[in-house]
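Taking it in order: structure first as structure tokens, then the write-up.
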Amino acid sequence: MAPSHSASFLSTLEGVWTAGAKFVKDIRSTLSGGRQRTFENPVSLSPEFKWGSWDSSEKTRILHNILKNFKENVMLDPDTGNPWLIVSEDQKSMRWQNPYNNFRVEDVSFLPALGCEAFTSGRHYWEVALKEGGNVCLGVARESVKRMGKVNLKPKAGVWAMEQLGAYYRAYTSPITNLSLSQSPRKIGVYLDYEAGQVTFYDADTKALIFAFPPASFTGQRIRPFFSLFGVNSQLRLCP
């Protein structure tokens, strides 16, 4: 999964349109210098869009303008994480603390810290800055997901996540999907389309597609961002 930047960008756009094809009016407005930001009426992709004729910087700018319409001010809920996930006072960053204190492993909640927000509709996007070489897991989870003991980080258990393991990356599919990236992203963008059941990850700087889960059904479920760390070099910060 290491296509060229241009191919990754096109795949990213296709993923966004598959989620609902609700952004083309905004693309037209961006290209024409307009200010339109209306998404009520889904439209079909027109043949006039010749993506191959645009350079990668222009494509990146367009996707950036689309995603920023759905950007959320996500905050960490300090009451949801396990004892070794230390959340900052402003609830925007988290670090890992040595867990070998006086508690029993079986009494610990292993679910990663959740975001304060619970989504029940709409499209949402947030970005997470990572420390190089850390062990970080991030994505979304059903609010009702199992919280005690060994947690299965897979869609069938209500979790859609990817993980940074030092210089390696993987998605928690079944079986696990190892991701081959051309470079380690400094920030990862998480995009959630509730109605389309889509969870997608991007390199937040280049907007290159990292991974897109197959469509799921979230109907009737409260979906929350989640985050986990392990190891002394592991920390993250939610971007404004």
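The values are calculated or read from the model by the stated rules, or taken from the named source; none is laboratory data. Keep in mind the model is a prediction, meaning the values are calculated, not measured. Glycine gets a Cβ as well: all are built from the backbone with ideal geometry, and neighbour counts include every protein chain shown. Accessible surface areas use protein heavy atoms only, side chains included; no ligands, DNA or RNA. Shrake-Rupley method; radii C 1.70, N 1.55, O 1.52, S 1.80 Å.
For this structure, a couple of remarks:
- Within the stretch 218-238, residues that are closer than 18 Å to S88 by Cβ have Cβ atoms under 6 Å from residues that are in a strand (DSSP E or B) and open to solvent by 80 Å² or more (accessible area, probe 1.4 Å) in these pairs: Q235/R95, counting only partners at least 6 apart in sequence or on another chain.
- Residue ID - modelled with the highest pLDDT, chosen from residues in the stretch 92-106 that are open to solvent by 80 Å² or more (accessible area, probe 1.4 Å) and in a loop (DSSP other than H, G, I, E, B): N98
- Residues being over 20 Å from R222 (Cα atoms), open to solvent by 50 Å² or more (accessible area, probe 1.4 Å) and modelled with pLDDT of 95 or more - total across the stretch 187-205: 0
- Look at (1) in a loop (DSSP other than H, G, I, E, B); (2) loosely packed, with under 14 Cβ neighbours inside 10 Å and you find that S184 fails only one, number (2).
- S228 meets all of the listed conditions (1) in contact with a Pro (Cβ under 7 Å, 6 or more places away or on another chain); (2) surrounded by fewer than 20 Cβ atoms within 10 Å (Cβ to Cβ); (3) modelled with pLDDT under 95 but one, namely (2).
- Filtering T206, T200 for residues that are touching a residue at least 24 places away in the same chain (Cβ under 8 Å), part of a loop (DSSP other than H, G, I, E, B), under 15 Å from the mean Cα position of the chain (by Cα) and farther than 26 Å from W84 by Cβ leaves a single hit, T206.
- Qualifying residue in the stretch 226-238 (condition: of a type in the set (A, V, I, L, M), over 25 Å from W96 (Cβ atoms) and touching a strand residue (DSSP E or B) at 6+ places or on another chain (Cβ under 7 Å)): no
- Taken over the stretch 46-91, the criterion of being of a type in the set (D, E, K, R), farther than 19 Å from R123 by Cβ, surrounded by fewer than 17 Cβ atoms within 10 Å (Cβ to Cβ) and at pLDDT 85 or above is satisfied by D79, E89, D90.
- Picking from residues in the stretch 107-129 that are modelled with pLDDT under 85 and either among the β-branched types (V, I, T) or under 30 Å from A216 (Cα atoms) (or both), the one that is surrounded by the most Cβ atoms within 10 Å (Cβ to Cβ) is P112.
- Single condition E163 does not satisfy, out of (1) in contact (Cβ under 8 Å) with a residue 12 or more places away in the chain; (2) outside any strand (DSSP E or B): (2)
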